1. Quick one: helix 222-235 against the long Cα principal axis of the chain, what's the angle to the nearest 10°, folded into 0 to 90?
2. Once amide H atoms are placed 1.01 Å from N in the peptide plane, what residues at a sequence separation of 5 or more from residue 112, or on another chain, have their amide H within under 5 Å of its amide H?
3. Identify all lysines with a Cα-Cα distance to residue 432 below 22 Å; exclude those on the same chain that are fewer than 8 residues away in sequence.
4. Percent antiparallel among DSSP beta bridges with both residues in region 218-323, to the nearest 5?
5. Please list log₁₀ I(q)/I(0) at q = 0.14, 0.20, 0.21 Å⁻¹ for region 186-322, using the Debye equation with identical point scatterers on the alpha-carbon positions.
6. Does region 58-141 classify as rounded, prolate or oblate by the C-alpha gyration tensor (a ≥ b ≥ c root eigenvalues; a/c under 1.5 gives rounded; else a/b over b/c gives prolate, otherwise oblate)?
7. By count of other Cβ within 10 Å, fewest leading, how are 402, 37 ordered?
8. Name the residue, out of 53, 72, 119, whose mean-square fluctuation peaks in a Gaussian network model built on the chain with Cα pairs under 10 Å.
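Every number in this text was worked out from the coordinates using simple rules, so none of it is lab data. The shown structure was predicted, so the numbers you read here are calculated from the model rather than taken from an experiment. We place every Cβ from the backbone using ideal geometry, glycine too, and count neighbours over all the protein chains shown.
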Amino acid sequence: MLTLDISKATSFLAEGTIEKYAPLAIEANKALAEGTCLGNDFLGWVNLPSSLDNDFIKQINDCAKVLRENCDTIVVAGIGGSYLGAKAVIEALSNSFQWLTNKGENPDILFAGNNIGEDYLAELTQYLKTKRFGVINISKSGTTTETALAFRLLRKQCEEQRGKEEARKVIVAITDAKKGAARAAADKEGYTSFIIPDNVGGRFSVLTPVGLLPIACAGFDIEQLVAGARDMEAATATEVPFEKNLSAIYAATRNALYNEGGKKIEILANYQPKLHFTSEWWKQLYGESEGKDGKGIFPASVDLTTDLHSMGQWIQDGERTIFETVLSVENTNHSLLFPNDEENLDGLNFLAGKRVDEVNKMAELGTQLAHVDGGVPNIRITIEKIDEYNIGQLIYFFEKGCGISGIILGVNPFNQPGVEAYKKNMFALLGKPGYEAETAAIQQRIK
Ligand code: PA5
């Protein structure tokens with residue numbers, strides 16, 4: 001089971017501070033369970049893992065089977081919550097050199113619709129010319145420009161390369177039950193489609209078809225992923241007392257550090273390159289949930305030890321407004337020994353015969369102690385290994401922690417009003433019909 005160590009964070013707080021936040025965390029968890037918090041129309045994720053039955057998992061796996069049998073490449077079009085969960089899990093579980101080692105047993109999973117880079121899309125289009133590719137179009141609203149733009153290109157290319165009839169078999173929509181362009185296209189063309197529940201927001205949607213279908217297409221065991229999340233759902237339920245409720249403790253600690261310790265930035269640090277996108281997913285989850293009403297911890301991330309040689313100086317010695325949350329992995333999936341070298345030119349023979357992971361673990365421990373000495377409170381989250389079950393636990397641990405934390409902070413953790421501002425300006429600048437007044441106003445500003 002995932003473990004949490006806050007001892008090196010509480011040492012930065014006055015005695016009794018966490019105890020002060022405990023009742024707030026308990027109340028917040030209760031509000032999530034009873035639906036009495038702000039944003040209570042978006043609480044479908046709270047009991048989601050325990051509500052997913054075998055039939056649902058089978059439907060996803062059946063659809064994945066069709067895509068896997070008919071495609072060598074699957075492009076997932078989506079952005080934000082309709083992208084990051086699948087990307088994070090697939091990256092974490094895949095071979096680091098999947099690109100180069102894939103002998104065709106699994107389709108390559110590519111992502112698009114998460115940017116508007118012309119070079120990216122042009123190069124993708126070029127790459128796909130020789131591929132038997134399929135598309136999973138994911139958009140809850142069905143109106144997101146980045147995703148819609150990519151889907152237009154991908155659908156056209158897929159139809160041109162495979163013919164309309166065959167394309168219909170390998171294009172899948174994951175969207176709202178009724179609204180939006182993605183739903184309209186799916187209904188008109190007869191694509192297989194899955195519904196994103198109304199009450200699950202994008203950044204909490206990885207355990208819906210949004211995350212599960214791409215993950216199943218990549219060849220991973222979604223049943224185990226859900227099982228891990230389900231166990232964490234039980235372990236963080238309201239009946240579980242604060243001292244054992246890991247999400248509640250995490251939420252209480254970060255709020256205590258923010259309010260009482262003046263720590264405005266949380267840096268999520270991993271020591272496994274495969275977890276880079278787990279941090280990206282986490283940043284969206286916490287950033288979009290908490291950064292509002294002039295409040296919120298800024299979620300940042302580093303990949304270590306890589307970034308000790310870039311951001312390490314700042315973390316050790318910069319402004320003391322940060323705390324660090326280390327995402328630690330107890331056991332690696334491979335074993336590799338540090339080799340002996342007769343000449344010992346680099347002087348590292350004292351490490352010969354040791355596991356590479358032992359060196360990594362000592363780097364992790366040494367860094368933790370150094371950062372604590374440098375005035376950086378430290379929270380440590382440890383998962384047993386990187387596999388479907390443990391990643392499932394981690395996902396739900398962070399989701400529950402986020403819901404509780406946002407409620408303690410006093411914001412609605414489930415909306416994202418700030419995301420609209422750039423869209424409004426972009427549409428005004430591009431002259432979208434209906435935006436005439438905004439276009440005139442913005443033209444004045446940029447004269
Ligand atoms: O978490 C969220 O709600 C957002 O990040 C959305 O997922 C993102 O904006 C994409 O939206 P949509 O799925 O409607 O295209």
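1. Helix 222-235 sits roughly 50 degrees off the main axis of the chain.
2. The list, which skips near neighbours in sequence, is 76, 77, 78.
3. Straight-distance partners of residue 432: 140, 179, 423, 424, 447.
4. Once the DSSP bridges in region 218-323 are tallied, antiparallel ones form about 10 percent.
5. Reported log10 I(q)/I(0), two decimals: -0.90, -1.40, -1.44.
6. Rounded.
7. 37, 402
8. Its mean-square fluctuation being the largest, the pick is 119.
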